[in-house]
Amino acid sequence: MFAVMKTGGKQYKVQSGDVLRVEKLAADAGEKVQFNDILMLGGDTPVIGTPFVAGAAVQAEVVDQIKGDKVIHFVKRRRKHGSKRTKGHRQQLTLLRVTEILEKGADKSGVKAAVGAGSVAAVAAGAAEAKAPAKKAEKKDAAPAKKAEKKDAAPAKKADAAGDDLKLLSGVGPALEKKLHESGVTTFAQIAAWTDADIADMDEKLSFKGRIEREGWVEQAKELAKG
C-alpha cells in the first residue's frame, strides 16, 4: 500500500519504510509524528480524497533535523545606478522514516500531528483561542448579552496591540499592510520565519510578484524583530 500525503505545500508518494526529506517540522529526533492530509491511498482498492481521505494518516519517525543543499540567489539590476546582490540559502528540512500508513482511525491513534516549525506560534495562538471561548461560554449563561458581546470584542483589540508596524518594511504601505493583516500576518517574527515555500505561497496568494525577495523582507524582519 502507498499513500499520497501533503505537507509544507508539497505532495509526497510514500510507502512504509521510505525515508524522505520534508519542510522543517516542530519535532525532535526520535519523535513520532502523524500526517493527516492524505490525498490518496493506493492498493487493491484505491481511495481518492475530496480533497483528503477521511480517517487516513501517515505516521513517521523523525530521524534528524538537517539542511538542504546551498542555493545561490543572484540579482543584478542593469541601470545607470544599478546594483547586484548575491545571497546564499540552505533550506531547513526534517528527515523522516515512514513507519505506518493508516486507512482509518487517525483521530484515535494518539500520535501528535506533524506541524511545520514556522507554524508553531500560529498553532499556540489557535490553542489559546480554542480555550478562551469555553470560558466565555460558562459566563454567558449568567451574564447579560451585552457583556458577552464586549468580552468577544476584547481579544481582537489585544491582537491589534500585539502586532508590529509592518510599514517599516521596504516597499510596504498601508494597502500592503492591510493585505498582510487579512492573511494573518501581523508581526515581524512571522515574516522572519518564512521558508521558501511560505514566500512562494504568499507571492501567489497576494500577487506580490517577487516583491518579498526583491525587497528582502525576511532579512529586514529578522533585524526588526530583534528590536
Q | Identity of the residue in region 169-178, under 13 Å from Trp217 (Cβ atoms) and not hydroxyl-bearing (Ser, Thr, Tyr), that ends up surrounded by the fewest Cβ atoms within 10 Å (Cβ to Cβ) | A | Gly171
Q) Under 8 Å by Cβ, and 6 or more places apart or on different chains, what pairs join a residue from region 180-207 that is farther than 15 Å from Leu166 by Cβ and touching a residue at least 24 places away in the same chain (Cβ under 8 Å) with one that is among the charged types (D, E, K, R) and loosely packed, with under 14 Cβ neighbours inside 10 Å? A) Ala197/Lys10
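Per-residue answers, yes or no, for (1) exposed (fewer than 10 other Cβ atoms within 10 Å of the Cβ); (2) of a type outside the set (Asp, Glu):
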site	(1), (2)
Glu61	no, no
Val71	no, yes
Phe74	yes, yes
Arg77	no, yes
Lys87	no, yes
Q: Say whether the condition of being touching a helix residue (DSSP H, G or I) at 6+ places or on another chain (Cβ under 7 Å), surrounded by fewer than 15 Cβ atoms within 10 Å (Cβ to Cβ) and modelled with pLDDT under 85 is met by at least one residue in region 190-202.
A: no
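How many residues, within region 179-188, are part of a helix (DSSP H, G or I) and either loosely packed, with under 11 Cβ neighbours inside 10 Å or of a type outside the set (Lys, Arg) (or both)?
Final tally of qualifying residues: 4.
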Q: For Leu20, indicate whether it is in the same structural domain as Thr99 (by TED's automatic domain parsing), within 14 Å of Leu93 (Cβ to Cβ) and not in a loop (DSSP other than H, G, I, E, B).
A: yes
**Q.** All positions within region 1-11 that are of a type outside the set (Lys, Arg), under 23 Å from Gly110 (Cβ atoms) and surrounded by 15 or more Cβ atoms within 10 Å (Cβ to Cβ)
**A.** Ala3, Met5, Thr7
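The values are calculated or read from the model by the stated rules, or taken from the named source; none is laboratory data. From a predicted model like this one, the values you see are computed outputs, not experimental measurements. Counting neighbours? That spans all protein chains shown, and the Cβs are built from the backbone with ideal geometry, glycine included.
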